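Since the structure comes first, as structure tokens, the remarks are kept for the end.
The values are calculated or read from the model by the stated rules, or taken from the named source; none is laboratory data. The shown structure was predicted, so the numbers you read here are calculated from the model rather than taken from an experiment. Quick reminder, even Gly has a Cβ in these numbers, built from the backbone with ideal geometry, and neighbours come from all protein chains shown. Ligands, DNA and RNA are excluded from the accessible area calculation, which covers all protein heavy atoms including side chains. Shrake-Rupley method; radii C 1.70, N 1.55, O 1.52, S 1.80 Å.
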Amino acid sequence: MMKMFKPISYAVKRLPSTISVVRHSSNATKESALAQSYCMNLVKQYDKENFLCTLLLKNPERRSALAIRAFNVEIARITGTVSDDKIGQMRLKFWEETIDKLFKNDLKHVPDQPVIQELKAVIDSHKLTKRYFQRLITARLNANLRFVTTKQLEEYVENSVCSVLYLVLEAHGVRNVHADHAASHLGKAQGIVNLLRSIPYQQRRNVVPVPQEVLMQHGVSQERVLRNRKEDKGVEEVVFQLAGLAHQHLEKARKLAGSVPKPARPVLLPGVVTGRYLERLRRANFHLTDSKLLQSDALLPLSIYWNHFRGKF
């Protein structure tokens, strides 16, 4: 039994060497290796759970996936790192113009930046769909996280989370309606869970990413959600409803697993992360600030590896 699980413990303890980003091949330049290393570290630092899933992809697809996720990290971090909305809009516009130039192969005015270098390589190699990059940027441009309906919330996560999965699938050479359908449901589940997990940290922004129709249905105010008192059954019902919606999407994605091409299944490993969080949330009685829920999931790396070994997500 110990021999079976040795690879994951080795991989988690020695992530950089496992990815082998700094080993120079005969046709790799030092600049390219540094750009790849930059993307790897960016995703590892700011998107650790998706990084663990990406770790189990094979090269060169893994390198492409890291470039796509590094781009997503870059644009996702803008809102949280600037105090002036106008500055944030300008930075997103920069990325919008840069993507446009990369697809037009107009490199004269494109900055020499590591993520851009890696993106250029993956766009050229796999003929990625420009529309998905545009959706990611547009989602961030309009990301005030104030939703009136559940449909609006699902549209937001379709653009901001599902688009990443679509791009990673394309980087694997997978353009399949069943894989896209599974990725759509999985991305929605992951996106809803991401928003739920963000609520305990939204007090500074005074934003509650819960649809107004759900709050009204349970007679709960945004202030009550932010306070999130353990004895507040109304808030518990709100969280339960959104967690249930995420679970429905996750189950729909898993039911499609049999029709998803085998090369695409490792791309859907974030389903393991989403499923484990929903189970932990259930055990915490849907209390988002439960101390155990806020702790990192120590068994997550092992669970990701085991499900990858079984071809599950």
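The set of residues from region 290-313 being farther than 13 Å from L56 by Cβ and part of a helix (DSSP H, G or I) comprises S291, K292, L293, L294.
Screening Q203 on (1) within 30 Å of A257 (Cα to Cα); (2) free of Cβ contacts under 8 Å to residues at least 40 places away in the same chain; (3) open to solvent by 10 Å² or more (accessible area, probe 1.4 Å) shows it passes everything except condition (1).
A search for C-beta distances below 8 Å between a residue of region 64-92 that is of a type in the set (S, T, Y) and any residue that is open to solvent by less than 10 Å² (accessible area, probe 1.4 Å) and at pLDDT 90 or above, counting only pairs 6+ apart in sequence or on different chains, returns S64/V122; S64/V168; S64/A171.
The requirement of being of a type in the set (A, V, I, L, M, F, W, C), in a helix (DSSP H, G or I) and touching a Leu at 6+ places or on another chain (Cβ under 7 Å) is fulfilled somewhere in region 134-153, by at least one residue. Every test in (1) in contact (Cβ under 8 Å) with a residue 24 or more places away in the chain; (2) surrounded by fewer than 18 Cβ atoms within 10 Å (Cβ to Cβ); (3) within 28 Å of E236 (Cα to Cα) is passed by L299 save one, and that test is (1). Of everything in region 226-236 that is under 26 Å from the mean Cα position of the chain (by Cα) and at pLDDT 95 or above, the residue that is surrounded by the fewest Cβ atoms within 10 Å (Cβ to Cβ) is E236. Is there any pair with a first residue in region 105-123 that is in a loop (DSSP other than H, G, I, E, B) and a second that is small (G, A, S) whose Cβ atoms are under 9 Å apart and which are 6 or more apart or on different chains, and what are they? Final answer for the pair search is Q113/A35.
Selection of region 237-289 for residues being open to solvent by less than 30 Å² (accessible area, probe 1.4 Å), farther than 17 Å from C162 by Cβ, touching a residue at least 12 places away in the same chain (Cβ under 8 Å) and not in a helix (DSSP H, G or I) yields H287, L288.
Looking at region 63-99, which of its residues are part of a helix (DSSP H, G or I) and in contact with a Lys or Arg (Cβ under 8 Å, 6 or more places away or on another chain)? Scanning region 63-99 gives I75, A76, I78, T79, L92, I99. The set of residues from region 169-195 being within 14 Å of the chain's Cα centre (by Cα) and open to solvent by less than 10 Å² (accessible area, probe 1.4 Å) comprises L169, A183, L186, G187, A189, G191, I192, V193. Taken over region 144-171, the residue count meeting the criterion of being touching a residue at least 24 places away in the same chain (Cβ under 8 Å) and charged (D, E, K, R) is 4. Mind listing just one residue for me: the one in region 129-143 that is touching a residue at least 60 places away in the same chain (Cβ under 8 Å) and in contact with an Asp or Glu (Cβ under 9 Å, 6 or more places away or on another chain) and, of those, farthest from E170 (Cα to Cα)? So, considering only residues that are touching a residue at least 60 places away in the same chain (Cβ under 8 Å) and in contact with an Asp or Glu (Cβ under 9 Å, 6 or more places away or on another chain), the one farthest from E170 (Cα to Cα) is I137.
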